[in-house]
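Here's the structure, in structure tokens; my notes come after.
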Amino acid sequence: MNRRLNLDAQLESTLENNSSRRAFAARLDMTIKRAKVTSSRVARSLGVPERDVTLWRAGVTVPKSTDCERLSALLDVDVAWLCAGQA
């Protein structure tokens, strides 16, 4: 529960900071490319519209913490690194 609160706070901060959103988008885009999956596949796996994934990859919006956790599991990367750039 505490980890989710920390992740929610980090994502909220990311929403307010344009450079943080771009950094998140770059990590997500790179990870999706390395996993050799499409935005459509990611969207279907998460149960979200493909447009959401496209906006995340472009740095326009960021996902909710639950979506970040599912993204990290799907793409096999650490959720703290994916969402906040922390090791």
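FYI, it's all coordinate maths here, none of it is from the lab. All of these numbers come straight from a predicted model, not from anything done at the bench. Note: ideal-geometry Cβ built from the backbone for every residue, glycine included; neighbour counts use all protein chains shown.
Extension gain for Ala58 to Asp78 (0.36 nm times residue separation, less C-alpha to C-alpha distance): 5.2 nm. Distance between the modelled labels on Ala35 and Gln86, one decimal in nanometres: 2.2 nm (7 Å Cα→Cβ projection).
Arranged from fewest to most other beta-carbon atoms within 10 Å of their beta carbon, Glu50, Glu16 become Glu16, Glu50. Distance between the pseudo-spin-label points of Ser45 and Ala23 (7 Å out from Cα toward the beta carbon): 2.4 nm.
Each Lys and Arg contributes +1 and each Asp and Glu -1, all at the Cβ; summed about the Cα centre of the stretch 26-87, the dipole is approximately 220 debye.
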